[in-house]
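Trainee: Here it is, the structure in full.
The values are calculated or read from the model by the stated rules, or taken from the named source; none is laboratory data. Being a predicted model, the structure only gives us computed values, none of them experimental. Neighbour counts run over all protein chains shown; Cβ positions are idealised from the backbone, glycine included. The accessibility values were calculated without ligands, DNA or RNA, using every heavy atom of the protein model including side chains. Shrake-Rupley method; radii C 1.70, N 1.55, O 1.52, S 1.80 Å.
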Amino acid sequence: MTKISVPIQVRFKKWTEELPQVRNIVRKAIKQAWTYGNVGELEIPVDDIEVSVLLADDEDVHILNKEYRGVDRPTNVLSFAALDDEEEIIEEPVLMGDIIVAFETCKREAEEQNIKLEDHLFHLVVHGMLHLIGYDHIEDDEAEEMESLEIEILAKNNIANPYAD
């Protein structure tokens, strides 16, 4: 079983005010995404990984989104993979990368979709972690594979399909 280390920085206090169990939600989402997503041709054969998580606000995410993606607005989740070369020598613990979640966008989306904030956060962290493993949604077939995996992981955690009409 892979040892998973998840340092979490809460930069925006609303996260802990509205979700006192936020750290547990994040750690569980990462472990679930790793367990069900680290398979097949994307499998990373390691025993020890680390994923850093920043629970931020829209302002912080806006800055990062503009600087690294060229998109001048906040988004719900960003992920920055540390592994980007299949030929890279892997040393353990493997630093998978960073996941950053914006509070206001996450909360607004949860309200608009009429779902619990903790369920939406869980989904966004799963989504971000799958990106760190190597999943993507640029091409239609990749998007379908990633969404199917997200739906499966969410279902295993009693969270409804966010892509259902």
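Trainee: Return the calculated 222 nm mean residue ellipticity for the chain, to the nearest 500 deg cm²/dmol, obtained by summing -39500 (n - 2.57) across DSSP H runs with n ≥ 4 and dividing by the residue count.
Mentor: Result for the chain: -15000 deg cm²/dmol, rounded to the nearest 500.
Trainee: So how strong a dipole does region 7-165 carry about its Cα centre when Lys and Arg Cβ are +1 and Asp and Glu Cβ are -1, to the nearest 20 debye?
Mentor: Charge dipole of region 7-165: 1180 debye, to the nearest 20.
Trainee: What percent does the relative contact order of the chain come to when contacts are Cα pairs within less than 8 Å and at least six residues apart?
Mentor: 25
Trainee: Then there is this: Please work out the average accessible area per residue across region 28-165, using the 1.4 Å probe convention, and give it in Å².
Mentor: 55
Trainee: Could you check which residue among Glu139, Glu92, Glu152 shows the biggest mean-square fluctuation in a GNM of the chain with a 10 Å Cα cutoff?
Mentor: Comparing Glu139, Glu92, Glu152 in the GNM, the peak value goes to Glu139.
Trainee: Select from Tyr135, Tyr68, Tyr36 the residue whose mean-square fluctuation is largest in a Gaussian network model of the chain (Cα-Cα springs shorter than 10 Å).
Mentor: Per the Cα network of the chain with a 10 Å cutoff, Tyr68 tops the list.
Trainee: Which percent of the accessible heavy-atom area of the chain goes to carbon and sulfur, probe 1.4 angstrom?
Mentor: Summing carbon and sulfur atoms, their accessible area is 44 percent of the total for the chain.
Trainee: Enter the per residue convex hull volume of region 30-165, computed from alpha-carbon coordinates, in Å³ rounded to the nearest integer.
Mentor: About 122 Å³ per residue, rounded to a whole number.
Trainee: Among 72-81, 153-162, how do they line up from the highest to the lowest mean number of other beta-carbon atoms within 10 Å?
Mentor: Final packing ranking: 72-81, 153-162.
Trainee: Which one, Ala164, Gly70, Ile4, is farthest towards the positive end of the dipole of the chain when Lys and Arg carry +1 and Asp and Glu -1 on their Cβ?
Mentor: It is Ile4.
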